[in-house]
Amino acid sequence: MIPSVLPTYSRAPLHFVKGEGCWLIEEDGRRFLDLGSGIAVNALGHANPVLVAALTEQANKLWHVSNLYEIPQQQALADKLVAASFADTVFFTNSGTESCELAVKMARKYWYEKGAPEKTDIIAFTGSFHGRSSAGIAAAGSEKMVKGFGPILPGFKHLPFGDMDALEAAIDEHTGAILIEPIQGEGGIRPLPDDQLKALRKLCDDKDILLILDEVQCGMGRTGRLFAHEFAGITPDIMMVAKGIGGGFPLGAVLATEEAASGMTVGTHGSTYGGNPLGCAVGGAMMDVLTEEGFLDEVSRKAGLLNQKLEGLVAAHPEIFEAVRGQGLMIGLKMKIAPADFVKAGYDKLVITVPAADNVVRLLPALTITEEEIAEAVSRLDATASALEAAA
């Protein structure tokens, strides 16, 4: 008999009932050190008092009115995002998947309105993940994502991640945009080198193509900058964000330049819940924390400390680990064993990690993790590796 919850997930047998910063409390009382943050969502940790206060204050005033009316909290958050980024305008969604849908629509509508309706193709890359909607799975293109869901939305080309020669060769008169994650998350914490991101921006300019960045996982302070593309000193035309923008509350957004968004006029897109007062109140508080003087510098400092300790961990367990990679607090442990085995063994040591492709275990701790918690995290990861070695 099918369960009442559709069985599309292979869930761990854990039942968390409370969260406190970097900690999750199981219903049996065990305290787990959470290095996954709900897959990079709880960027300020669980039950962060600043976000709780923003949500509670708004919840006592107004939850939902729809986008038929002006929403002051939405305007305030849009203004903060525009002030802190390349963008001139923002559309709010509820998730990264919804942001992908709009980014694809925005790019295609742009060329239609410019009198080049043939420029519908979007180049994407192997190992990518852009959500599980029709556009999202078509953009990723992997068999795992698309099998059984045909016919797949047309208009996507898939190239090897980081292969600039293949990219140049693939561009033709139908190419309208390039869609890429500056750091692949689900794909295994694979950063695109800064020089390649710069070359990508130049290629888009030279070929008159829109650049769409997916910063759903790597954005919102995760790397030590507000957005990962800032390290390369470039800007996109369109950018998808979600996850950390709401600090745990469902919220996403598409940021764009005035030019790239010029086709999205009244009636071309909409959302019932997107940009609601609750989500935008929390997002506004989140932005205030992230843009506070010194906050992201502290994220970078702690990331350096954690990476240094992880290098020692890898050296101490050469049969378990291969390498450390990533940027800021978006870290991948390249494994010599199955990532799922390490994640599962970690549950016994009361530490939460997240598997990814390319034989990688992801560490995505709260940006507010302390030095003491970093030391405890590495200790528990070390205990996990030792347990696996002993059982081999």
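The values are calculated or read from the model by the stated rules, or taken from the named source; none is laboratory data. What you are looking at is a predicted structure, and each value in this text was computed from that prediction instead of being measured. Note: ideal-geometry Cβ built from the backbone for every residue, glycine included; neighbour counts use all protein chains shown.
Scanning the range 1-44 for residues that are of a type in the set (S, T, N, Q) and free of Cβ contacts under 8 Å to residues at least 60 places away in the same chain returns Ser4, Thr8, Ser10. Just to be sure I understand the filter: pairs with C-beta atoms under 9 Å, separated by 6 or more residues or on different chains, first member in the range 345-371 and outside the structural domain of Met335 (by TED's automatic domain parsing), second member of a type in the set (Phe, Trp, Tyr). Which pairs pass? The qualifying pairs do not exist here.
With the condition kept exactly as written, say whether any residue in the range 313-327 is in contact with a helix residue (DSSP H, G or I) (Cβ under 6 Å, 6 or more places away or on another chain) and within 16 Å of Ile189 (Cα to Cα). For the range 313-327, residues in contact with a helix residue (DSSP H, G or I) (Cβ under 6 Å, 6 or more places away or on another chain) and within 16 Å of Ile189 (Cα to Cα): present. For the range 57-101, residues that are in contact with a strand residue (DSSP E or B) (Cβ under 7 Å, 6 or more places away or on another chain), surrounded by 20 or more Cβ atoms within 10 Å (Cβ to Cβ) and assigned to a helix (DSSP H, G or I) total 7.
Looking across the range 138-175 at every residue that is closer than 19 Å to Leu203 by Cβ and of a type in the set (Phe, Trp, Tyr), the one that is surrounded by the most Cβ atoms within 10 Å (Cβ to Cβ) is identified as Phe156.
Candidates are the residues of the range 1-41 that are surrounded by fewer than 10 Cβ atoms within 10 Å (Cβ to Cβ) and aliphatic (A, V, I, L, M); the one that is modelled with the lowest pLDDT is Met1. Within the group Thr235, Thr223, Thr175, Thr257, which residue is among the hydroxyl-bearing types (Ser, Thr, Tyr) and under 13 Å from the mean Cα position of the chain (by Cα)? Unique residue meeting the criteria: Thr223. Scanning for something within 14 Å of Leu367 (Cα to Cα) and assigned by TED's automatic domain parsing to the domain that holds Val65, does the range 270-286 turn up at least one residue? Yes. Residues being part of a helix (DSSP H, G or I) and more than 22 Å from Gly188 (Cβ to Cβ): count how many of those fall in the range 345-364. Qualifying residue count, the range 345-364: 1.
Restricting attention to the range 154-183, the residues that are acidic (Asp, Glu) and within 25 Å of Asp358 (Cα to Cα) add up to 3. One residue alone among Leu6, Leu14 is assigned to a loop (DSSP other than H, G, I, E, B) and closer than 17 Å to Arg380 by Cβ, and that residue is Leu14. Under 19 Å from the mean Cα position of the chain (by Cα) and at pLDDT 95 or above, is that true of Gln327? Criteria met by Gln327.
For Ala303, state whether it is outside the structural domain of Gly185 (by TED's automatic domain parsing), farther than 16 Å from Ser37 by Cα and not aromatic (Phe, Trp, Tyr). If you could, list the steps in order and put the result at the bottom.
Numbers: outside the structural domain of Gly185 (by TED's automatic domain parsing): yes; farther than 16 Å from Ser37 by Cα: no; not aromatic (Phe, Trp, Tyr): yes.
It is false that Ala303 is outside the structural domain of Gly185 (by TED's automatic domain parsing), farther than 16 Å from Ser37 by Cα and not aromatic (Phe, Trp, Tyr).
The single residue among Leu213, Leu255 that is part of a strand (DSSP E or B) and closer than 17 Å to Lys80 by Cα turns out to be Leu255. Only one of the listed residues (Thr265, Thr223) is outside any helix (DSSP H, G or I), of a type outside the set (A, V, I, L, M, F, W, C) and closer than 20 Å to Arg108 by Cβ. That residue is Thr265.
Table: residues versus (1) touching a Cys at 6+ places or on another chain (Cβ under 7 Å); (2) touching a residue at least 40 places away in the same chain (Cβ under 8 Å); (3) under 30 Å from Ala166 (Cβ atoms).
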position: Leu68; (1), (2), (3): no, no, no
position: Gln74; (1), (2), (3): yes, yes, no
position: Phe86; (1), (2), (3): no, yes, yes
position: Met106; (1), (2), (3): no, yes, yes
position: Glu118; (1), (2), (3): no, yes, yes
position: Ile122; (1), (2), (3): no, yes, yes
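For (1) touching a Leu at 6+ places or on another chain (Cβ under 8 Å); (2) assigned to a helix (DSSP H, G or I), each residue gets a yes or a no:
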site	(1), (2)
Val343	no, yes
Ala366	yes, no
Ala377	yes, yes
Ala385	yes, yes
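Pairing residues of the range 322-337 that are assigned by TED's automatic domain parsing to the domain that holds Ile369 with residues that are of a type in the set (Ser, Thr, Tyr), at Cβ distances under 6 Å and at least 6 apart in sequence or on separate chains, gives Gln327/Thr223; Gly328/Thr223; Met330/Thr223.
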